[in-house]
Amino acid sequence: MMSAPRFTPVGPQVYESTYERDSRHVEVDNYVNSHLLKNAESSYIPALDRIYRDSIAAGLPDISCSPAQAKFLKLQIELCNATNILEVGTLGGYSAAWMALAGPTVKVTTIEIDKEYAAVASNNLSGAGLKDQVEILQGTGLDILPQLVLQVESGARPPFDFVFIDANKQDNLAYFNLAVSMTKPNTAIIVDNVVRNGKVASAKEAEKDDRVLGTRQLIEAIGKDDRVDATVIQTVGEKNYDGFLLAIKK
């Protein structure tokens, strides 16, 4: 996720990690991860764990994807046969590393607003042997994404075929629209943290929290957008009660 959003928050900014937790969800994650985090990525598990630990040690917030969520992204990339991935919100590089493991030809372009976070991510990815597969662009999404659009339109950069948006929620709709404009047909676009502990269904919560408002604006706009088809899936797990939006570009 990206830090230091370019706006003045309406309400207190509470990280998702402070939401209610259920020990059953954590126990299930621990159980399934003990059996399913293997196969192609098995040799990278220590490096992935190190990325997570080193990010926390460097003072980054504990808001990266869970291992199960990150592997879900990897599997989606494999299902789509995607090779040119766009991520908005690098944090410490944990999700970017997982996505890069989808194949040796996979290239991840990831955007991070915070210079210190970007530096941590760069070190983490180098340590994992994945730096050649991941390009970190430091700056705001609203500044960098239009530049990428121009590069794709000019042919200087190939269109993206998988997108993961996990940045400040207030600009989700802008990120989404820019992403759609530089992706191939049938591209999957995933937007994280859209359920927000159920608050997304409440107009009153949107009045108090710009992140809820931004998420509602995204969902309502996509419902009227003929360029894509989409759904929202609610999730539970060690990262609490939340969910993601999955859109497919037509």
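One residue is enough: does region 125-137 have a residue meeting the conditions assigned to a helix (DSSP H, G or I), closer than 26 Å to I248 by Cβ and touching a Lys or Arg at 6+ places or on another chain (Cβ under 9 Å)?
So far as region 125-137 goes, yes, one or more of its residues are assigned to a helix (DSSP H, G or I), closer than 26 Å to I248 by Cβ and touching a Lys or Arg at 6+ places or on another chain (Cβ under 9 Å).
Within region 75-106, can you find the residues that are assigned to a loop (DSSP other than H, G, I, E, B), farther than 18 Å from L36 by Cα, out of contact with any Phe, Trp or Tyr (no Cβ under 8 Å at 6 or more places or on another chain) and aliphatic (A, V, I, L, M)?
Within region 75-106, V106 is the sole residue that qualifies.
For region 102-136, what are the residues that are free of Cβ contacts under 8 Å to residues at least 24 places away in the same chain and of a type in the set (G, A, S)?
A119, S126
May I ask you to list the residues in region 37-74 that are out of contact with any Ser or Thr (no Cβ under 8 Å at 6 or more places or on another chain), modelled with pLDDT under 95 and part of a loop (DSSP other than H, G, I, E, B)?
Correct list: L37, K38, S66.
Go through (1) touching a residue at least 24 places away in the same chain (Cβ under 8 Å); (2) within 26 Å of A119 (Cβ to Cβ); (3) outside any loop (DSSP other than H, G, I, E, B) for Q234 and report which single condition fails.
Failing condition for Q234: (2).
Inspect all residues belonging to region 191-204 and state whether any of them is acidic (D, E) and surrounded by fewer than 20 Cβ atoms within 10 Å (Cβ to Cβ).
So far as region 191-204 goes, no, none of its residues is acidic (D, E) and surrounded by fewer than 20 Cβ atoms within 10 Å (Cβ to Cβ).
I need every pair where a residue in region 187-216 that is closer than 18 Å to C65 by Cα has its Cβ under 6 Å from the Cβ of a residue that is surrounded by 22 or more Cβ atoms within 10 Å (Cβ to Cβ) and of a type in the set (S, T, Y), sequence separation at least 6 or different chains.
Cβ pairs passing all conditions: V194/T215.
Suppose we filter region 50-64 for residues that are surrounded by fewer than 21 Cβ atoms within 10 Å (Cβ to Cβ), under 23 Å from G243 (Cα atoms) and not β-branched (V, I, T); how many remain?
2
Tell me, please, whether a residue that is within 21 Å of V106 (Cα to Cα), surrounded by fewer than 18 Cβ atoms within 10 Å (Cβ to Cβ), within 19 Å of the chain's Cα centre (by Cα) and of a type in the set (G, A, S) can be found in region 169-188.
Within region 169-188 (the criterion being within 21 Å of V106 (Cα to Cα), surrounded by fewer than 18 Cβ atoms within 10 Å (Cβ to Cβ), within 19 Å of the chain's Cα centre (by Cα) and of a type in the set (G, A, S)), the answer is yes, since at least one residue qualifies.
Quick check on region 73-107: of everything there that is surrounded by fewer than 24 Cβ atoms within 10 Å (Cβ to Cβ) and of a type in the set (D, E, K, R), which residue is farthest from N193 (Cα to Cα)?
My answer is K107.
The values are calculated or read from the model by the stated rules, or taken from the named source; none is laboratory data. Note that this is a predicted model, so its numbers are computed, not measured. Cβ atoms come from the backbone with ideal geometry, glycine included; neighbour counts cover every protein chain shown.
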